[in-house]
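Since every read-out is calculated from the coordinates, none of them should be taken as a lab result. If you're wondering where the values come from, they're calculated on a predicted model, not measured in any experiment. Heads up, the Cβs are rebuilt from the backbone with ideal geometry, glycines too, and the neighbour counts pull from every protein chain shown.
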Amino acid sequence: MSVVPDVALTNGVSIPQLGFGVFQIPPEETRDAVLTAFEVGYRHIDTAEMYGNERGVGEALRASGLTREEVFVTSKLNNGYHRRDDVLRAADQSLADLGVDQMDMFLIHWPLPTIDVDYVETWKAMIEVYRAGKARAIGVSNFQVPHLQRLLDETDHVPAVNQIEVHPYLTNESVRAFGAQHGIATEAWSPIAQGLVLGDPVLVEIAERVGRTPAQVTLRWHLQRGDIVFPKSVTRSRVEENFALFDFELGDAEMSALGALNRDQRTGPDPDTFARVPA
Ligand SMILES: NC(=O)c1ccc[n+]([C@@H]2O[C@H](COP(=O)([O-])OP(=O)(O)OC[C@H]3O[C@@H](n4cnc5c(N)ncnc54)[C@H](OP(=O)(O)O)[C@@H]3O)[C@@H](O)[C@H]2O)c1
């Protein structure tokens with residue numbers, strides 16, 4: 001039994017609340033990084049076509065000795081593949097690159113609300129991917145409340161998750177609350193803001209008080225808020241540190257103090273205007 005709790009998604013599928021993200025891990029280093037994560041105990045990997053390292057994730061899966069059922073694998077539809085036929089092709093390509101018959105989760109990576117393909121059409125094609133059995137669950141990423149509302153109004157399938165930027169400097173409350181209201185689990189990307197929050201004096205003081213590192217306190221804060229996280233690291237000691245979150249708890253005062261650090265500060269693009277598609 002893993003120490004990591006599962007989160008039950010609306011369609012009955014369970015996802016480990018703590019996983020391992022592979023954004024910015026070079027393709028040739030991905031196999032070893034993921035194998036290290038498996039050794040430490042992670043059983044949930046978050047990748048994307050955009051990261052260029054799905055093959056490395058697949059190599060690690062095969063080299064790990066773990067069964068396919070033991071690992072939860074998420075990938076994402078790249079920008080530039082939002083048209084129906086491209087969605088279907090991209091899903092097949094991700095399956096081939098990962099070397100699996102089925103993804104556990106497949107997400108629209110960005111809504112791209114300003115491009116000429118409507119993300120509602122893209123979502124309908126994602127539903128086809130789901131109904132064809134190519135993903136056990138489907139969801140979205142970087143969707144704002146109006147984007148989610150349109151999916152609810154115009155289709156018959158609620159996204160299982162919305163993967164959005166969340167950390168103490170961007171608590172993203174309204175999008176999280178909308179998700180909670182509609183059964184859409186929140187996945188918090190860049191959970192330690194790529195390191196930006198770790199020197200914050202409030203966080204450092206709490207970390208000293210509870211005898212944990214700032215990264216552990218931040219990740220624990222996410223877990224206690226109920227969000228799903230997958231910190232990235234290519235450093236074994238940090239991969240271990242980021243997994244050691246289940247033998248301490250933050251009190252209400254500490255939870256509130258971290259939440260109060262919000263300054264609506266993004267480290268990544270604004271989903272309402274982001275429109276970059278690969279050439
Ligand atoms: N859907 C999206 O649009 C989107 C966008 C961004 C990210 N994501 C997902 O979210 C995952 C996590 O986000 P992220 O990779 O951007 O950032 P992150 O996990 O918040 O931070 C990763 C950075 O922090 C460092 N780090 C990790 N653990 C640490 C620790 N315990 N102490 C000090 N530094 C530490 C890592 O360095 P080293 O690696 O050098 O150790 C790396 O530079 C991604 O890998 C990806 O799967 C999704």
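What whole-number value in cubic angstrom gives the convex hull volume per residue for the C-alpha atoms of the stretch 39-144? Write out the running numbers ahead of the final one.
On the way: hull volume 10.0 nm³, N = 106.
Convex hull of Cα atoms, per residue: 94 Å³.
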Check: Taking springs between alpha-carbon atoms closer than 10 angstrom, which of 226, 183, 65 fluctuates most in the Gaussian network model of the chain?
Finding: 65
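Grab the Cα-Cα distance for residue 13 and residue 204, subtract it from 0.36 nm times how many residues apart they are, and report the gain in nm with one decimal. Mind showing how you got there, number by number?
Details: separation 191, 0.36 × 191 = 68.76 nm, distance 3.65 nm.
Stretched fully, the residue 13-residue 204 segment lengthens by 65.1 nm.
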Next item on the list: State the Cα centre-to-centre distance between the stretch 140-216 and the stretch 27-51 in whole Å.
Entry: 21 Å
Item checked: Selection from 19, 71, 45 lying farthest towards where the dipole of the stretch 1-74 points positive, charges on Cβ -> 71
Margin query: Under 5 Å between amide hydrogens, which residues at least 5 positions from residue 163 or on another chain qualify, with H placed 1.01 Å from N in the peptide plane?
Written below: 140, 141, 142, 143, 187
Checklist line | All-pairs Cα distance distribution in the stretch 123-171, expressed in whole percent, bin size 10 Å | finding: 24, 49, 21, 6
Item checked: Cα convex hull of the stretch 1-100, projected area averaged across orientations, nm² -> 6.8 nm²
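With charges set only on the Cβ (+1 for Lys and Arg, -1 for Asp and Glu), what does the dipole of the chain come to about its Cα centre, in debye to the nearest 20?
Details: 25 positive and 40 negative charges, 33 e Å.
With Lys and Arg at +1 and Asp and Glu at -1, about 160 debye.
Round to the nearest 0.05 the FRET efficiency obtained for residue 2 and residue 118 when R0 = 35 Å and r is the Cβ-Cβ distance. Before the final figure, lay out each step's value.
Working: r = 40 Å, r/R0 = 1.13.
The pair residue 2/residue 118 has a calculated efficiency of 0.30.
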Checklist line | Square roots of 5 times each gyration tensor eigenvalue, C-alpha, the stretch 157-218, largest first, Å | finding: 28, 10, 9
Note to self: With a 10 Å cut-off between alpha carbons and a GNM built on the chain, which of 178, 248, 106 moves the most?
What the structure shows: 248
Item checked: the stretch 194-255 pair-distance distribution - Cα-Cα, 10 Å bins, rounded % -> 22, 59, 19, 0
Check: Principal axis lengths of the chain from Cα atoms, whole Å, largest first?
Finding: 54, 42, 36
Note to self: For residue 124, give me every one of the aspartates and glutamates with a C-alpha distance below 13 angstrom, ignoring sequence neighbours fewer than eight places off in its own chain.
What the structure shows: 85, 86, 153, 154, 156
Notebook entry, point to check: Toward the positive end of the charge dipole of the chain, about the Cα centre and with charges on Cβ (Lys, Arg +1; Asp, Glu -1), which of 94, 258, 114 goes farthest?
Noted result: 94
Notebook entry, point to check: Helix-derived [θ] at 222 nm for the chain: sum -39500 (n - 2.57) over DSSP H runs of at least 4, divide by residue count, nearest 500?
Noted result: -12000 deg cm²/dmol
